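Okay, structure first, notes after.
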Amino acid sequence: MPKKKDTAVREVRTTPNVAHNRSKQIKQWIEQNMDMYKVPKMRGRFRATRERYVEMSQGGDGGKMNPSHVDSIRTLHHKDWTDDDFSQLVKDLDKAVEDFHEAEGTKPEDQALSDVDGAIKVCVEIISAYTHDDAVDILNGIAEKLQLFDPEDD
């Protein structure tokens with residue numbers, strides 16, 4: 001009887017990303033991130049990832065991928081990267097987004113209207129001009145229109 005292969009043991013090897021030079025690594029990260037960007041509902045995650053790159057370009061560690069992780073994103077995935085490497089990544093990523101929209105014949109989204117913090121900021125600016133009672137009515141009306149609650153749930 002043939003011996004069964006132990007599938008719990010994995011071969012440990014260098015990933016292609018680590019084996020390549022920095023410019024090839026950056027190109028691979030651009031491709032991965034653009035795959036995410038091309039899916040409209042993933043653009044919030046794309047922007048969050050881009051912000052981590054910006055933070056790392058300024059000496060930050062990018063935070064933790066998961067709260068249970070001990071190491072930062074920079075330590076886990078970009079150990080030998082310099083701040084300048086991240087600056088180049090952000091620059092190339094922004095160019096890739098620009099090229100994508102040019103090829104599609106579309107315009108990049110207005111960041112203030114596409115991310116949650118920006119949307120909140122715009123809403124606060126608009127609604128702050130109203131009285132307290134009117135602001136409450138506006139917010140309740142928005143919640144109803146978006147079907148966030150049943151108007152009978154008072």
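Numbers for the structure displayed
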| read-out | value |
| --- | --- |
| Options ALA119, ALA103: the member that is out of contact with any Lys or Arg (no Cβ under 9 Å at 6 or more places or on another chain), over 30 Å from HIS20 (Cα atoms) and not basic (Lys, Arg) | ALA119 |
| Verdict on PHE86 being without any contact (Cβ under 8 Å) to a residue 40 or more places away in the chain and of a type in the set (Phe, Trp, Tyr) | yes |
| Positions within region 50-95 being aromatic (Phe, Trp, Tyr) and either surrounded by fewer than 16 Cβ atoms within 10 Å (Cβ to Cβ) or assigned to a loop (DSSP other than H, G, I, E, B) (or both), in sequence order | TRP81 |
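Read-outs throughout are calculated quantities, based only on the coordinates presented, and are distinct from any laboratory measurement. The model shown is predicted, which means the values in this text are computed figures rather than measured ones. Because the Cβ atoms are built from the backbone with ideal geometry, glycine has one as well, and the counts that use them run over all protein chains shown.
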